[in-house]
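The structure appears below as structure tokens.
The values are calculated or read from the model by the stated rules, or taken from the named source; none is laboratory data. Every value quoted in this text rests on a predicted model; they were computed, and no experiment measured them. For neighbour counting, all protein chains shown are included, and Cβ atoms are generated from backbone atoms with ideal geometry for every residue, glycine included. Just the protein is used for accessible areas: all its heavy atoms, side chains included, with ligands, DNA and RNA removed. Shrake-Rupley method; radii C 1.70, N 1.55, O 1.52, S 1.80 Å.
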Amino acid sequence: MRRIVIGTLGVTALALGATPAQAQGPEASPFTGFRVEVLGGYDKLRNGSSTDIDGIAGDDIDQSIDGFLYGLGAGFDFDLGGAVVGVEGEFTESTGNEDADQALNAPFAYRASVDRDLYIGARAGMRAMPNTLLYVKGGYTSTNVNAGVDDLDPNDAVDYTTDVDQSLSGWRVGAGVEQSFGNMFGFGSGAYAKLEYHYSNYEKLKFDDDFFSNANAIDVDLDRHQVVAGVGIRF
């Protein structure tokens, strides 16, 4: 009987000692689960032309709107064993603003500013190293743009000012790198940082109210370039 009891205690002790190691199993992937992040970076919105406009006075009129973007993002990723796929969304604002007082080969000046930007899409990548992910992304984007044209000549018999506040839809593609820092702050799978490049193309911004005839309506094709850094926590 004593041998049975001692043997049973020995087996139990071995089982208890082995249980923690078994429970741990393979190390959890740093690229699986829900994540939230803070975003910031460089934002440039411009028309589809690569050539800036020269005003009648010889002034170079920059057609691009440059600013700083800031906002929040969230997503959910699945590590499939080296390959990582996921869905994500972003909400950002931009300080981009262009307020020109030069004439555009006519007695008018333009102004424009960029407001909120929404994005929803997917990403897919490969683990280049255990804690480093290289990925591409793409999806739907929508932004608000406020643009205006002002009459500069009080003696031209034209008194014209227009504001166009439009929500423009389009598509976005991008690529980036994400670095996991492990369970640095004690939250789930841990902290990470990322760096991305985005290219977005939007439907045309239109000036076609009563001032412009249909034949002279202005349609502006818009491209957007962004370099975005983010820091976040994966749970």
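One line per residue, one yes/no per condition, for (1) modelled with pLDDT of 95 or more; (2) touching a Ser or Thr at 6+ places or on another chain (Cβ under 7 Å); (3) closer than 24 Å to residue 66 by Cβ:
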residue: 91; (1), (2), (3): yes, no, yes
residue: 106; (1), (2), (3): no, no, no
residue: 125; (1), (2), (3): yes, no, no
residue: 159; (1), (2), (3): no, no, no
residue: 167; (1), (2), (3): no, yes, yes
(message) Conditions first: (1) open to solvent by 40 Å² or more (accessible area, probe 1.4 Å); (2) modelled with pLDDT of 70 or more. Residue 141 passes all but one, so which condition is the exception?
(response) (1)
(message) Please verify whether residue 220 is open to solvent by 40 Å² or more (accessible area, probe 1.4 Å) and modelled with pLDDT of 65 or more, treating the condition exactly as stated.
(response) no
(request) Please work out if residue 32 is of a type in the set (S, T, N, Q), modelled with pLDDT of 95 or more and within 18 Å of residue 230 (Cα to Cα). (result) no
(request) Give the residues of region 108-123 that are modelled with pLDDT of 95 or more and open to solvent by 20 Å² or more (accessible area, probe 1.4 Å), sorted by residue number. (result) 118, 120, 122
(message) Every residue in region 111-149 that is over 30 Å from residue 190 (Cβ atoms), within 17 Å of the chain's Cα centre (by Cα) and hydrophobic (A, V, I, L, M, F, W, C), please.
(response) 114, 145
